[in-house]
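The values are calculated or read from the model by the stated rules, or taken from the named source; none is laboratory data. Owing to the predicted nature of the structure, the values given are computational and were not obtained by experimental measurement. Cβ atoms come from the backbone with ideal geometry, glycine included; neighbour counts cover every protein chain shown. We work out accessible area using only protein heavy atoms, side chains counted, and drop any ligands, DNA or RNA first. Shrake-Rupley method; radii C 1.70, N 1.55, O 1.52, S 1.80 Å.
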Amino acid sequence: AGEVTAAVLETPPWPVNVSRAPAEAVAALAEALAADDPAPAEALLPREDGDAFAAAWHARTGRRPDVHHETRLYRLAALRPPQVPPPGRSRAATPEDRALLIDWTDGFLHDVGDAGASPQAVAALVDDRLAHRGVDIWTAPDGAPVAMAHLTRLVAGQARVANVYTPPEHRGHGYASALTAAVSRRALDAGAGEVVLFTDLANPTSNAIYQRIGYRPVLDRVALRL
């Protein structure tokens, strides 16, 4: 009857991104995507729709999707920066940091299981973020970089914190919490009505620290390798 009940975003080679959808739409979507040439390699959809999509995909193709990872969408409610921040400060990344940011972004993608990105794609992502002041770095008191956080462009009143990364040798000092709070504040100051981020549900540390600084769960999603 013309009522919009779901949305699907497909931008190859990235995974198909599916919103919440009625059960009958989930099955119909799996049928339609399986008929594509080439068919997508991965789909992201709400966790509660994962089983129905996987069953429909298996029935259509004979292949049973594997769970690649599970994520949780958070939205910032009331920002609560750490009461005792770690030593150092947040600063904007500059083109002089480019090589470091590429290395750290690659490390982040490896940690979250997305290590398949090409060096060119990682470099392009960093260049795009630098072009709109989209990366902040936490520096120790001696000026040494110890952590980074990306911030997407403000679109339709919303910004997303992404690629929060602390190299292994600097973890456990609260740098990620302080830096996430800093970039979240910057997004709010720039006019964002909503600030969001995604976490890997397999990482209890990140899920805990984001909630401590004011983020609240919105939706759990599952990534299915098709």
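Largest mean-square fluctuation among A27, A124, A156, in a Gaussian network model of the chain whose springs join Cα atoms under 10 Å apart, belongs to A156. How high is the FRET efficiency between L100 and E169 when r is their beta carbon distance and R₀ equals 22 Å, given to the nearest 0.05? So the FRET efficiency works out to roughly 0.95.
Using the Cβ-Cβ distance between V84 and A28 with R0 = 41 Å, the FRET efficiency computed as 1/(1 + (r/R0)^6) comes to roughly 0.20. This structure gives P(r) over Cα pairs in 10 Å bins from 0, in percent, computed directly, and of [x] 7, 25, 23, 13, 9, 5, 5, 5, 4, 3, 2, 1, 0; [y] 7, 22, 23, 21, 16, 10, 2, 0; [z] 7, 30, 33, 20, 8, 1, 0 that value is listed as [z]. Across the chain, C-alpha contacts under 8 Å between residues 6 or more apart give a mean separation that, scaled by the residue count, equals a relative contact order of 29 percent. Report summary: the helix-based calculation at 222 nm, which adds -39500 (n - 2.57) for every DSSP H run with n ≥ 4 and divides by the residues of the chain, gives -11000 deg cm²/dmol. Against the chain, whose longest principal axis is taken from its Cα atoms, helix 175-189 shows a tilt of about 80°.
Across the range 18-25, rounded Karplus estimates of 3J(HN,Hα) from the backbone phi angles (6.51 cos²θ - 1.76 cosθ + 1.60, θ = phi - 60°) give 10, 7, 4, 8, x, 4, 5, 6 Hz, Gly and Pro being marked x. For E42 and Q120, the FRET efficiency from 1/(1 + (r/R0)^6), where r spans their Cβ atoms and R0 equals 25 Å, is about 0.80. For the pair L9 and D111, the difference between a 0.36 nm per residue extended length and the Cα-Cα distance amounts to 34.2 nm.
Probing with 1.4 Å while keeping every protein chain in the model, the per residue accessible area of the range 1-141 equals 58 Å². Counting only C-alpha contacts under 8 Å and six or more residues apart, can you give the relative contact order of the range 1-92 as a whole percent? Relative contact order here is 22 percent.
Note on the chain: GNM, Cα springs under 10 Å; of S177, S118, S90, the largest mean-square fluctuation is that of S118. To the nearest ten degrees, helix 98-111 and the longest principal axis of the Cα atoms of the chain are 50 degrees apart.
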